[in-house]
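Derivation of every value follows stated rules applied to the coordinates shown; laboratory data play no part. Keep in mind that what you see is a predicted model, and the values were worked out from it rather than measured. A quick note on method: Cβ atoms are made from the backbone with ideal geometry, for glycine too, and the neighbour counts reach across all protein chains shown.
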Amino acid sequence: MQKYEAELSAIEEKQLILDEQLGKKQDELVAARNRQKALVSAALRLSRTPPEASVIMPGDQVQAMQAARALELITANLKEQAESIRLQLEQLQGLRKKVEKSRSDIENKRKKLSTEQESLRTSVAQRQLLQKTLLREQAKQSSRIMELAKKAEDLQGLVATLGKEQQRRRSEVDVEKEEGVAGNKGKLRSFAAAKGKIRPPVAGKLTQRFGASDGKNSTSKGIEISARAGAQVTAPYDGEVVFSGTFLTYGRMVILRHSDEFHTLVAGLSKIDVSVGEFLLEGEPIGAMGDKESGNRLYVELRKNNQPVDPAPWLRGIKK
């Protein structure tokens, strides 16, 4: 889906450029035709004086010769203008073919993307149903996390609180293991070893860098990625969902706990498809962006030991 979204955005940008070129070429053609009309009018005015009139018009012989020469030059210029217009018409026709092909490509990509979106919606619904069956304690856990989030004053405080909650749950699991009740969810892959290979959570363009001014007398602790309407957001790497919901001014957001004391936060979602306690593999769906045609921004923050670090060097395909 993200591949189709990236390709579709690229084709749409190309379409805008082609439309602009098409408009300019049409304007150039109109201007060339207007120049040709002016030349034709001038030639007609010069040709209205018959050659024999120059004999009976004293003192006008030189002017008549000059007019004949001017008419000759205008005729040559008219031929050049006609050839120029012919070439411009060919270019215009070529551009129109490109525009039509681009529009056809856009329509095909949109159909493929729509098919993938429908397929994913079905898969997500099936997964959520399975999660409800498997994780009966999930509702209690999510409720407790949201209560803890209300008490946190900022993101750093929230991550610290989530860490303490994680330790508390681990101690409970250790007790349950001794009693032979707990299962093993598996070990997360090393996050530190994947630097430069982490998947961007959404297909789009980097619009705000780490450390840039956020317009509020402070600097950004993460990056922003501009995405298309309804873009799919996925897990950048294997991790456990430790927060899923709305927090302060971040809006809807998800926090993933990775190995090696790393956390990834993604905020600005319109829809969330995961719950606290779920373990996600790299590329699994987290949620989606809003339906606005423009202005969709995904905020991505990476933390190591609860301190923000620049995510860009960790992500593949992001211009630094």
XL table K111/K271; K111/K195; K112/K304; Cα-Cα > 31 Å flagged, in table order, is K111/K195; K112/K304
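Using only alpha carbon pairs under 8 Å that are at least six residues apart, calculate the relative contact order of region 268-320 and give it in whole percent. Don't skip to the answer; put the middle values down first.
On the way: 44 pairs, mean separation 14.6, N = 53.
That works out to 27 percent.
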Would you tally the net charge around I198, using a Cβ to Cβ cut-off of less than 10 Å, leaving I198 out, and scoring K and R as +1, D and E as -1? +3
In nm, spacing of pseudo-spin labels at D214 and A192 (7 Å Cα→C-beta vector): 2.8 nm
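For the ranges 77-86, 278-287, 251-260, what's the packing order if you count other beta-carbon atoms within 10 Å of each residue, average per peptide, and put the highest first?
Working: 77-86: 13.6, 278-287: 18.4, 251-260: 20.8.
The most tightly packed comes first, giving 251-260, 278-287, 77-86.
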Assuming 0.36 nm per residue, please report the length gained on full extension of the stretch R121 to Q167 beyond their Cα-Cα distance. 13.2 nm
